[in-house]
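Below is one structure, written out as structure tokens; comments come after it.
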Amino acid sequence: MIKMGQLNTLDVLRVSDIAYVLTDEIEEIFLHKKQATRELEEGEKVDVFVYFDNLKRKTATMAIPKLDVNTPAFCEVVDVKPNLGAFLDVGLIKDLLMSRDDMPMLRAQWPQKGDKLFIRMKVSRNQMTAKVIPRFETMLFLKPERELEIGDKIDAYVIYFTEEGMVLLSEEGHNVFVYAKHYRGQYRMGQCAEVKIINIRPDLTYKGTLTEQKELVMGTDAELILEYLNKHDGEMEITDK
């Protein structure tokens, strides 16, 4: 039986002008010649990835995608449609959709083009979609080669929001929680940020910060306050508290 969203070893049954007809001796699917990396001959076996095309038909490609139904990966957002969700480049001719139902409630927290999400592929009846990996499941797939130390700074991607803050994940697999008091402004899912490690937990997850020490930002804060006062005749509704 042909397995969707996975590599399959199939037989070349026939060769036409535009495609190869492949079979597992139960069903037949097409491998368009544009999706073949070399010429094939009748009777030979070939490894192909099987997915649904735009018409929801089973189709094959010799291109190996970045992920499959068993193996997640970081994939780049290539487009965002408010009524649908985010489309991700997974290494196939067809981008993979992550539904708006799997997005944060706040539209400002949705990913933008160029952001990266750690996703797995999910196969339903006649389509394939992207699903975000839950926070603690990421550790089943990504195992960092090195442990971080307090004070280390790494690049990581926002993967999850909570009432208390947000979770970031590095491409190596470091899992970092940042409390809301340790970052400023609005972040979005898939956004890359440089996070500084401030605490290490026994399970080798981390706590981090996205702000500098208060002593380092006091000057910047003072300039912002002064600029506001200059624009509002020296008055501000907010007190020093």
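Filter the stretch 160-173 down to the residues that are among the hydroxyl-bearing types (Ser, Thr, Tyr) and surrounded by 14 or more Cβ atoms within 10 Å (Cβ to Cβ) and list them by number.
Selection gives Tyr160, Ser170.
Cβ-Cβ under 6 Å, sequence separation 6+ or interchain: first residue in the stretch 1-21 and outside the structural domain of Gln35 (by TED's automatic domain parsing), partner of a type in the set (S, T, N, Q) and at pLDDT 95 or above. Which pairs?
What qualifies is Ile2/Asn8.
Looking at the stretch 146-203, what strands (runs of 3 or more DSSP E) fall wholly within it and have at least 3 residues that are touching a strand residue (DSSP E or B) at 6+ places or on another chain (Cβ under 9 Å) and aromatic (Phe, Trp, Tyr)?
153-161
Being under 30 Å from the mean Cα position of the chain (by Cα) and modelled with pLDDT of 95 or more narrows it down to one of Val48, Val69, Val21, so name that one.
Of Val48, Val69, Val21, the one residue that is under 30 Å from the mean Cα position of the chain (by Cα) and modelled with pLDDT of 95 or more is Val48.
For the stretch 182-196, does any single residue satisfy the condition of being of a type outside the set (Asp, Glu), farther than 26 Å from Phe49 by Cα and without any contact (Cβ under 8 Å) to a residue 12 or more places away in the chain?
Checked the stretch 182-196: at least one residue is of a type outside the set (Asp, Glu), farther than 26 Å from Phe49 by Cα and without any contact (Cβ under 8 Å) to a residue 12 or more places away in the chain.
If Asp89 passes every condition in (1) over 13 Å from the mean Cα position of the chain (by Cα); (2) within 21 Å of Thr129 (Cβ to Cβ) but one, which one does it miss?
Just one mismatch for Asp89, condition (1).
Would it be correct to say that Ala86 is out of contact with any Asp or Glu (no Cβ under 9 Å at 6 or more places or on another chain), modelled with pLDDT of 95 or more, on the phi < 0 side of the Ramachandran plot and not charged (D, E, K, R)?
The answer is no for Ala86.
Has the stretch 136-159 got at least one residue that is exposed (fewer than 13 other Cβ atoms within 10 Å of the Cβ) and either modelled with pLDDT under 85 or of a type in the set (A, V, I, L, M) (or both)?
Yes: one or more hits.
Looking at Phe49, is it touching a residue at least 40 places away in the same chain (Cβ under 8 Å) and farther than 30 Å from Phe161 by Cα?
Judged against the criteria, Phe49 is a match.
For the stretch 97-120, enumerate the residues that are surrounded by 15 or more Cβ atoms within 10 Å (Cβ to Cβ), modelled with pLDDT under 95 and of a type in the set (A, V, I, L, M, F, W, C).
Met103
The values are calculated or read from the model by the stated rules, or taken from the named source; none is laboratory data. The structure presented is a predicted model; accordingly, all values stated were derived computationally and were not measured. As a convention, Cβ positions derive from the backbone with ideal geometry for all residues, glycine included, and neighbour counts pool all protein chains shown.
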